[in-house]
């Protein structure tokens, strides 16, 4: 039996108990959410890690993407990025490698990651075709399934599968193109395959077989948004929504088979459309956990997209999104460095926490109250301990003169907190 099937039968497993302990809730809450499909526990049954609970009523989680590219293929560099993500307390990582010995790279990342690891199997299928000098459009459904199963067998905890891109969507986009048709790599692979072969999406056609693989390994299916908008001009358009409706159907098929699933979301979305997007997803997918990239709220800020995405991520989390994929400052420009990864995770974690305050997640507001209490008493050590990035806070503070121990260098002797403390002591 899968975890979802055990939850439906009323059983509370060790995984549910551990997840509840980590989330600060009762095991029954995790069990009931699993049974409904509104909570997932991300952990391949072959891996010895703590399950990551994502979903309704739980702390908003953060994912960090790492992985090689044609321009830089260095496993040590990827391990540095992994360590940066872990030091910044990312809840999960995804290996999006597209260059080098992909199986070995994945194995190394899995071995060194104490948090869940996700992948996009179609990348490897496409890369294998390129290595053998074969057109990507010649890949077969069997090759795709073999790659998915190989990832699961290695211990991958969740996989992005672009099953919702149907032929009718690709056909219509050919007649009525968007400003930026496809910005999802996996989505573009599937769209190109459909266009040249004039057949239905093989991942959709073989979805029952994908479900069986997921059942065997307790693999979480992350139903990818291949039609996510990559430009504000394309946000919330018919292609995005048409794919979402197909994904909603697949969520139901997963639940009937006892397989855990989450739904991936946009993308580039203006601020005023974010809440609507989350509400629509939650409605048509019946509360399935929502995993969003950013969303990025404006297209004009290359070099600052860790900020544009944090703005969108905070609004998305407050509106009900459950899982934020970080975006680094190098998005749209270059492969991120370990420092970019670290900064991106912190930006996404700030967004997630801001959303958790709005959602009333247990313990979120208490953290802020404790920080404010430390500030009110000018307790620097307590402030550092409570800071989301203690290292950065200490580094900035260390650069000011020692004579300003009681205050910061912004207000100095005119510090309002210092003045009010003097007044209180004089009473």
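Read-outs: derived from the displayed coordinates by stated rules, not from any lab. These numbers come from a predicted model, not from an experiment. Cβ atoms come from the backbone with ideal geometry, glycine included; neighbour counts cover every protein chain shown.
Return the percentage of antiparallel bridges among DSSP beta bridges fully within the chain, rounded to the nearest 5 %.
The antiparallel fraction comes to roughly 15 percent.
Multiply the residue gap between residue 376 and residue 74 by 0.36 nm, knock off their C-alpha separation, and tell me the result in nm, one decimal place.
104.0 nm
What's the exposure ranking of 149, 370, going from fewest to most Cβ atoms within 10 Å?
Ascending Cβ contact count within 10 Å gives the list 370, 149.
For segment 38-120, compute the orientation-averaged projected area of the C-alpha convex hull (one quarter of its surface), in nm².
Mean shadow area of the hull around the Cα atoms is 5.7 nm².
How large is the translational diffusion coefficient of the chain in µm² per second when you combine the Kirkwood radius over alpha carbon pairs with Stokes-Einstein at 10 °C and 1.306 mPa s?
70 µm²/s
For helix 338-359, report the angle its Cα long axis makes with the longest principal axis of the Cα atoms of the chain; keep it between 0 and 90° and round to the nearest 10°.
Once rounded, the angle reads 80 degrees.
Using a 10 angstrom cutoff on alpha carbons, build the Gaussian network for the chain and name the most mobile of 207, 384, 77.
Evaluated over the chain, the most mobile residue of the options is 384.
Starting from 0.36 nm per residue, how many nanometres of slack lie between residue 358 and residue 283 once their C-alpha separation is accounted for?
So the chain would gain 25.0 nm between residue 358 and residue 283.
Can you tell me the order of 237-245, 212-220 when each peptide is scored by its average per-residue count of other Cβ atoms within 10 angstrom, highest first?
Result, highest mean Cβ count within 10 Å first: 212-220, 237-245.
Under the rule a/c < 1.5 gives rounded, and otherwise a/b versus b/c splits prolate from oblate, where does segment 181-228 land using the Cα gyration tensor?
In terms of gyration-tensor shape, oblate.
Which length gain, in nm to one decimal place, applies between residue 241 and residue 350 when the Cα-Cα distance is subtracted from 0.36 nm times their residue separation?
Full-extension gain reported as 36.4 nm.
How large is the translational diffusion coefficient of segment 329-382 in µm² per second when you combine the Kirkwood radius over alpha carbon pairs with Stokes-Einstein at 10 °C and 1.306 mPa s?
It diffuses with D of about 119 µm²/s by this estimate.
Could you work out which residue, out of 337, 69, 398, moves most in a Gaussian network model of the chain, that is, has the largest mean-square fluctuation with Cα springs under 10 Å?
Per the Cα network of the chain with a 10 Å cutoff, 398 tops the list.
If one takes the longest principal axis of the Cα atoms in the chain, at what angle in degrees, from 0 to 90 and to the nearest 10, does the Cα axis of helix 185-197 lie?
20 degrees
Round to a whole angstrom and tell me the spacing of the C-alpha centers of segment 88-142 and segment 1-62.
Taking the Cα centre of segment 1-62 as reference, the centre of segment 88-142 is 26 Å away.
Would you mind ranking 13, 140 by Cβ crowding within 10 Å, fewest neighbours first?
With the fewest neighbours first, 13, 140 line up as 140, 13.
For residue 138 and residue 415, what does the FRET efficiency come to when R0 = 60 Å and r is the distance between their Cβ atoms, rounded to the nearest 0.05?
Once the sixth-power term is evaluated, E becomes 0.30.
Provide the FRET efficiency to the nearest 0.05 for the residue 83-residue 422 pair, computing r from the beta carbons and using R0 = 51 Å.
So the FRET efficiency works out to roughly 0.65.
Round to the nearest 10 and give me the degree value, 0 to 90, for the angle of helix 416-426's Cα axis relative to the longest principal axis of the chain.
Value to nearest ten degrees: 40.
What does the convex hull of the Cα atoms of segment 115-256 come to per residue, in Å³, rounded to a whole number?
Spelled out: Cα convex hull of segment 115-256, divided by residues, is 116 Å³.
Of 313, 360, 187, which is the most mobile in a GNM of the chain whose springs link Cα atoms less than 10 angstrom apart?
Most flexible of the set in this elastic network: 360.
Counting DSSP beta bridges in segment 11-113, what percent are antiparallel, to the nearest 5?
55 percent
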